[in-house]
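Asks: Quick one: this structure, given as structure tokens, is what I'll be asking you about.
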2 protein chains.
Amino acid sequence: MDIDALADRIARGDRRALARGITLVESGRADHRTAAVALLDRLAGRGEAMRIGLSGTPGVGKSTFIESFGTLLTGQGHRVAVLAVDPSSARSGGSILGDKTRMERLSRDPNAFIRPSPSQTELGGVARRTREAVRLCEVAGFDVVLIETVGVGQSETLVSWMTDLFVLLLAPGGGDELQGVKRGIMEMADLILVNKADGDLKSAATRTRADYAGALQLLRKRPQDPQGFPKALAVSAQADTGLTEAWTEMQSLHAWRVEHGHWETTRRAQNVHWFEEDVQQGILARLRTDPAMAAALGDLREAVEAGERPPSAAAAEVLDRLALPGAGGA
Amino acid sequence: MDIDALADRIARGDRRALARGITLVESGRADHRTAAVALLDRLAGRGEAMRIGLSGTPGVGKSTFIESFGTLLTGQGHRVAVLAVDPSSARSGGSILGDKTRMERLSRDPNAFIRPSPSQTELGGVARRTREAVRLCEVAGFDVVLIETVGVGQSETLVSWMTDLFVLLLAPGGGDELQGVKRGIMEMADLILVNKADGDLKSAATRTRADYAGALQLLRKRPQDPQGFPKALAVSAQADTGLTEAWTEMQSLHAWRVEHGHWETTRRAQNVHWFEEDVQQGILARLRTDPAMAAALGDLREAVEAGERPPSAAAAEVLDRLALPGAGGA
């Protein structure tokens with residue numbers, strides 16, 4: 001594979017090259033991984049998009065929202081990429097974005113790029129690769145990247161390590177509608193959008209928005225935010241209302257963070273986070289590929305799980321079996 | 001050092017041996033660490049306390065609460081140990097529990113054991129050692145262990161990996177009082193106690209409790225909890241009111257989780273978590289003790305932070321420099 005040529009084509013905004021690059025970073029094959037690492041290295045330091053995490057449980061109208069919101073942005077001259085971190089698709093083998101017919105307008109839009117979620121099995125692995133796919137989209141000239149999740153908690157945490165903003169989409173109604181939203185996600189949101197503020201549900205959406213605005217005021221205080229954030233708004237993706245306001249809020253929060261240095265601080269911390277993750281995961285992966293080591297790790301893990309061995313002693317045994325540079329205790 | 005003898009004395013409930021054991025697990029010296037690992041290994045599988053995480057910002061009355069609550073428990077025949085995870089003490093060199101005079105009754109109570117927080121510099125390291133101190137207290141026959149934190153966020157996450165229950169202590173009043181409580185902590189609480197429900201503040205505390213009860217109802221839903229949890233109660237550590245009710249709620253939640261298997265599931269996951277943490281931290285610590293490796297890691301980290309190298313390529317370089325068993329990509 002000619003990595004230089006692929007890198008050049010991606011940097012020129014070639015959509016087929018971008019799709020091929022993403023397939024490469026998502027691949028589990030060792031030779032593909034080596035090529036993906038080289039590709040990303042070649043493209044380092046280029047491109048800078050606003051990265052937006054978008055979470056919401058099924059039924060909240062996420063596809064319709066992406067369709068309307070994405071079309072709004074391309075109408076303003078932005079180039080929009082949509083990616084998904086979807087651990088459930090790993091099980092079904094399907095993809096939350098696989099059905100592009102639910103986003104007919106946007107998928108035909110020359111300034112939008114919709115990528116179905118990868119069907120990997122390991123959540124951390126998927127997220128790491130999604131982050132790399134985001135990088136490729138940036139390099140290809142997409143200046144807004146939406147990363148979609150399904151509200152299961154762990155994936156939101158991972159997505160927060162690769163985004164600048166986090167938007168939570170909710171349905172109108174009381175607390176019951178929140179059953180599907182796992183704890184901790186509310187806390188991560190920069191903007192809560194109560195969708196379906198149209199027709200019969202309009203007044204319910206307005207009430208729900210007010211409830212969340214009150215709860216946010218009571219529960220939050222973040223030094224890195226300007227006054228008034230996190231915010232709750234009522235929108236209708238179907239009727240196309242409130243989306244311009246939502247986008248204005250996102251831009252204003254983003255601009256504030258850039259101006260006050262929070263954006264750069266966050267990006268730097270995110271970079272280091274993925275580096276350390278990659279080192280640790282890489283070391284563990286290599287340990288598991290050594291049969292004797294893998295067996296020993298499994299046995300020790302079981303003993304620790306059952307409380308028969310303390311974690312420290314079991315870990316010391318693992319370290320003793322490794323011939324690492326350096327010496328001495330932890 | 002005779003580890004066997006020390007282990008025996010701790011298991012017989014000898015307070016001086018317990019204090020010495022904790023000093024050992026808290027020590028940063030390599031030979032002490034080796035001895036601590038051996039000590040914990042010797043004592044594996046013994047003792048089982050209810051571990052309670054307690055968080056609250058300075059001024060909320062945490063010392064008074066521990067004094068009154070701890071005395072209530074020893075009065076019921078429990079043996080209570082109090083430990084602290086206090087990252088701020090690492091900076092000041094002091095200790096949140098150092099001033100035992102603030103807990104005069106409890107510190108003279110033969111059925112209580114109060115341990116000032118260790119003055120370590122690395123938060124993860126402190127927490128790991130606190131977890132080991134908790135183990136020693138359990139083995140020494142303390143059946144309730146309180147682990148105190150100061151509401152800075154990261155330490156609460158670490159404490160949640162070593163406790164069965166998480167209690168958040170708040171002051172009466174509106175949202176303003178929450179300035180010191182970092183985001184995410186509210187989400188972790190099983191029980192929110194609004195303290196100082198006495199005298200002039202009583203009605204404010206009652207109102208605050210109702211506000212939080214409402215917010216909890218709106219924001220939470222945890223499958224591993226019985227109906228009604230997380231809960232908010234008003235208490236007064238000073239006037240000694242509401243503490244019996246709070247303890248009853250903790251016992252009932254704990255019993256429910258034990259009965260439904262959630263307690264065991266959590267403990268097993270916690271054990272594995274610390275094992276994996278120890279392995280990863282141990283590997284990274286050994287890397288850093290190798291001068292050439294440490295220099296390379298530092299350079300790569302800087303390049304990643306500045307966005308000059310992608311995390312994946314920098315991590316691949318680190319892995320290539322290691323001669324680990326196994327081979328192939330991540």
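Bear in mind that the values in this text are calculations on the coordinates, not laboratory data. Given the structure is predicted, the values throughout are model-derived calculations rather than measurements. When we count neighbours, we look across all protein chains shown, and the Cβ atoms used for this are built from the backbone with ideal geometry, even at glycine.
Asks: Could you order peptides B:26-33, B:243-250 by the average number of other Cβ atoms within 10 Å of their residues, highest first? Walk me through the numbers on the way to the answer.
Replies: Details: B:26-33: 15.1, B:243-250: 16.8.
With the highest mean Cβ count within 10 Å placed first, the list reads B:243-250, B:26-33.
Asks: If I model a spin label as a point 7 Å beyond the Cα along the Cα-Cβ vector, how far apart are those points for B:Asp4 and A:Asp320 in nm?
Replies: So the label points at B:Asp4 and A:Asp320 sit 1.8 nm apart.
Asks: Suppose R0 equals 30 Å. What FRET efficiency, 1/(1 + (r/R0)^6) with r the Cβ-Cβ distance, do B:Ala296 and A:Gln251 give to the nearest 0.05? Walk me through the numbers before you get to the answer.
Replies: Details: r = 40 Å, r/R0 = 1.35.
The pair B:Ala296/A:Gln251 has a calculated efficiency of 0.15.
Asks: Along segment B:102-116, what does the Karplus equation 6.51 cos²θ - 1.76 cosθ + 1.60 (θ = phi - 60°) give for ³J(HN,Hα), rounded to whole Hz, x for Gly and Pro?
Replies: Couplings: 6, 10, 4, 4, 5, 6, 9, 6, x, 9, 10, 9, 10, 10, x Hz.
Asks: Sort shortest first the distances from B:Ser27 to its counterpart in every other copy, using label points 7 Å along the Cα-to-beta-carbon line, and give them in nm.
Replies: Those label-point separations list as 5.3 nm.
Asks: Give me a single rounded figure for B:264-270: the average over its residues of other chain Cβ atoms within 10 Å of their Cβ. List each step's numbers first, then the result.
Replies: Values: counts 1, 0, 0, 3, 5, 1, 3.
Taking the mean over all residues of the peptide, I get 2.
Asks: Please sort A:316-322, B:102-108, B:209-215, B:167-173 by packing, taking for each peptide the average over its residues of neighbouring beta carbons within 10 angstrom, highest first.
Replies: Working: A:316-322: 17.0, B:102-108: 15.4, B:209-215: 19.1, B:167-173: 23.3.
Output ranking for A:316-322, B:102-108, B:209-215, B:167-173: B:167-173, B:209-215, A:316-322, B:102-108.
Asks: Follow-up. Tally Lys/Arg at +1 and Asp/Glu at -1 over every other residue whose Cβ is under 9 Å from the Cβ of A:Leu18; what's the total?
Replies: Numbers: positive: A:Arg9, A:Arg15, A:Arg16, A:Arg20, A:Arg115; negative: A:Asp14.
Taking every other residue near A:Leu18 into account, the sum is +4.
Asks: Follow-up. What span do the alpha-carbon atoms of segment B:272-321 cover on each of the three principal axes, reported in whole Å from largest to smallest?
Replies: Projected onto the principal axes, the Cα atoms of segment B:272-321 cover 35, 23, 18 Å.
Asks: Also: So the label point sits 7 Å from Cα along the Cα-to-Cβ vector; using that for A:Leu72, what distances do you get to the other copies, in nanometres, sorted shortest first?
Replies: Computed spacing set for this position: 5.0 nm.
Asks: Additional query: I'd like the distance between the alpha-carbon centres of segment B:1-46 and segment A:250-303, rounded to an integer number of Å.
Replies: One Cα centre to the other: 33 Å.
Asks: Calculate the radius of gyration of the Cα atoms of segment B:238-320 to one decimal place, then report Dmax, the largest Cα-Cα distance, as a whole number, both in Å.
Replies: 23.0, 63
Asks: Given bins 5 angstrom wide, list per bin the percent of all Cα-Cα distances in segment B:197-244, short to long.
Replies: So the P(r) values, bin by bin, are 5, 21, 23, 20, 15, 11, 5, 1.
Asks: Another question, then. Taking H as built 1.01 Å from N, whose amide H comes closer than 5 Å to the amide H of A:Glu148, not counting residues under 5 places away?
Replies: Long-range HN contacts for A:Glu148: A:Leu54, A:Leu83, A:Ala84, A:Val85.
Asks: Another question about this same structure. Based on the Cα atoms of segment B:1-45, what semi-axes does the equivalent ellipsoid have, where each is the square root of 5 times one gyration tensor eigenvalue, given in whole Å with the largest first? Walk me through the numbers before you get to the answer.
Replies: Details: eigenvalues 52, 26, 14 Å².
Working through the eigenvalues yields semi-axes of 16, 11, 8 Å.
Asks: A further question on this structure: Scan around B:Val60 for amide H atoms under 5 Å from its own, H built in the peptide plane at 1.01 Å from N, and keep only partners 5 or more places away or cross-chain.
Replies: Amide H neighbours of B:Val60: none.
Asks: Other chains near B:282-294: what is the mean number of their Cβ atoms within 10 Å of each residue's Cβ?
Replies: Working: counts 10, 12, 5, 6, 9, 5, 1, 7, 4, 2, 2, 3, 2.
Counting Cβ atoms of other protein chains within 10 Å of each residue's Cβ and averaging gives 5.
Asks: So, counting K/R as plus one and D/E as minus one, what does the shell of residues with Cβ under 12 Å around A:Ala234 add up to?
Replies: Values: positive: A:Lys196, A:Lys202, A:Arg207, A:Arg209, A:Lys231; negative: A:Asp198, A:Asp211, A:Glu245.
That works out to +2.
Asks: Next question, about the same structure. Check which residues have an amide H placed less than 5 Å from B:Arg309's amide H, if you skip close sequence neighbours.
Replies: Here B:Val304 satisfy the definition.
Asks: Just tell me which aspartates and glutamates come within less than 12 Å, Cα to Cα, of B:Lys231; anything on the same chain fewer than 8 places away is out.
Replies: Candidates past the 8-residue exclusion: B:Glu187, B:Asp190, B:Asp211, B:Glu245, B:Glu249.
Asks: How far is A:Pro58 from the same spot in each other copy, in nm, shortest first, if each label point sits 7 Å from Cα toward Cβ?
Replies: Reported distances to equivalent positions: 5.1 nm.
Asks: Report, as an integer, the average count of C-beta atoms from other chains found within 10 Å of each Cβ along A:26-37.
Replies: On the way: counts 0, 0, 2, 1, 4, 2, 1, 5, 3, 0, 4, 10.
Whole-number average of other-chain Cβ neighbours for A:26-37 is 3.
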